[in-house]
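Colleague: Here it is, the structure, as structure tokens.
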Amino acid sequence: MRRGMIRPYLIASVLIAIVTMMARPVSAEWYVAGMAGGAFPNALSNVKEREFPTFNTPAGTKATDFQMANSIMAGAKVGYFFERWKWFGIEGEVYRYSPNFKQQTVTDVQPNGASNTVQRPGSNHIVTNANLNLVARAQLGAFEPYAGLGVGAFLQQWNMPNRENGYPPINISSGRTGFNVEAGLRYRIQEHFAVFSEWKFNHARPFFDSPSTVQGEYNVHFAVFGVGYHF
């Protein structure tokens, strides 16, 4: 297994948890929801490179932060609140967004101190998340403030069709684990239907590879709105 691949058991755990939640008795509360909103990423920081931007780039080369653009996100949730502890539940979610890398000036510094500054063209960056969260809520009539914390699979694809200095196109990917934090407010329109707004924060340490490698610190905030159905 290459270093950038995510362990299959994490994705399998998310899928098993979702199926298990849906198989629970209807006396307990489970729900499905669709969501959409905005993703607001920080720059990819603490960047290290090998064989990037060229195959002659040595391991341990450092680069200035890579700036990313804001993006629209969309996804879905499946959740389950326990019958015995109605305030506590588990939730599986999947969402996707495209925080593309901007055209920007980047400086690479090799281990021997040699540096190079270039204007790097913008490039495509697609992220898919599959998270499993623990969620707590307060039931205050029609209003339900809630918060959650969980782990996720971060699947990232970075496609660079146009590159500086006439370098050939390159396509590298990353599959890593990370964590998700969320807080929101749900409003019950009636017994079964609800609307909600939510803030989310994701953190991961992507390792893009095959053949070149780029790694760094990845942080992104989300502002999300959605509609759910509670069974």
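The values are calculated or read from the model by the stated rules, or taken from the named source; none is laboratory data. In this text, all values refer to a predicted model and were calculated from it rather than measured experimentally. FYI the Cβ positions are ideal-geometry reconstructions off the backbone, even for glycines, and counts take in every protein chain you see.
Conditions (1) under 17 Å from the mean Cα position of the chain (by Cα); (2) among the hydroxyl-bearing types (Ser, Thr, Tyr); (3) more than 30 Å from ALA138 (Cβ to Cβ); (4) modelled with pLDDT under 90, marked per residue:
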residue	(1), (2), (3), (4)
ARG7	yes, no, yes, yes
GLU29	no, no, no, no
SER45	yes, yes, yes, no
LYS48	no, no, yes, no
ASP65	no, no, yes, no
ALA69	yes, no, yes, no
ALA74	yes, no, no, no
TYR80	no, yes, no, no
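Colleague: Restricting the search to the stretch 41-92, which residues are touching a Phe, Trp or Tyr at 6+ places or on another chain (Cβ under 9 Å), exposed (fewer than 15 other Cβ atoms within 10 Å of the Cβ) and in contact (Cβ under 8 Å) with a residue 60 or more places away in the chain?
Modeller: Within the stretch 41-92, SER45, THR54 meet the criteria.
Colleague: Here's a follow-up. I'm trying to understand the selection: among the residues of the stretch 147-189, which are crowded, with 16+ Cβ neighbours inside 10 Å, among the polar types (S, T, N, Q) and within 18 Å of ASN133 (Cβ to Cβ)?
Modeller: Scanning the stretch 147-189 gives a single hit, ASN180.
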